[in-house]
Amino acid sequence: MAKDSDIRRSMDRVEEIIEQLDTDEVSLDDGHDLYNEGQELLSEIRERLQEGDGEITEIE
C-alpha cells in the first residue's frame, strides 16, 4: 500500500497546480502542461487509494 506521505505530496502538488491555473498568469502551453500533470497525479492518487480499499489505518 502507498504511504500516506506519498499521497499527501501528490495531493499538495495538485493543489499547487490548481492555484497556478487560477491565477490566469499561465500561458496556454504551460496551462496545458499543468493540466496534464494534474490529471496524471489524480490518476495515480486514485490507483493508490484503490490499492488500500477496505484497509483502515489509524492516524494519530
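Note that the chain presents 85 Å² accessible area per residue, ligands and nucleic acids not counted, probe 1.4 Å.
Label sites at D22 and D6, each approximated as a point 7 angstrom past Cα along Cα to Cβ, lie 2.8 nm apart.
The accessible area of I59, taken with all protein chains in place and a 1.4 Å probe, comes to roughly 130 Å². Between helix 4-22 and the chain there is an angle of about 20 degrees, using the helix long axis and the longest principal axis of the Cα atoms. The sum of -39500 (n - 2.57) across all DSSP H runs of n ≥ 4, divided by the residue count of the chain, sets its helix-only mean residue ellipticity at 222 nm to -25000 deg cm²/dmol. Dipole size of the chain about its Cα centre, with +1 on Lys/Arg Cβ and -1 on Asp/Glu Cβ: approximately 240 debye, rounded to the nearest 20.
The values are calculated or read from the model by the stated rules, or taken from the named source; none is laboratory data. Computed from a predicted model, the values in this text were never measured in an experiment. Every residue, glycine among them, receives a Cβ derived from its backbone with ideal geometry; neighbour counts consider all protein chains shown. Please note that ligands, DNA and RNA were not included when accessible areas were found on the heavy atoms of the full protein model with its side chains. Shrake-Rupley method; radii C 1.70, N 1.55, O 1.52, S 1.80 Å.
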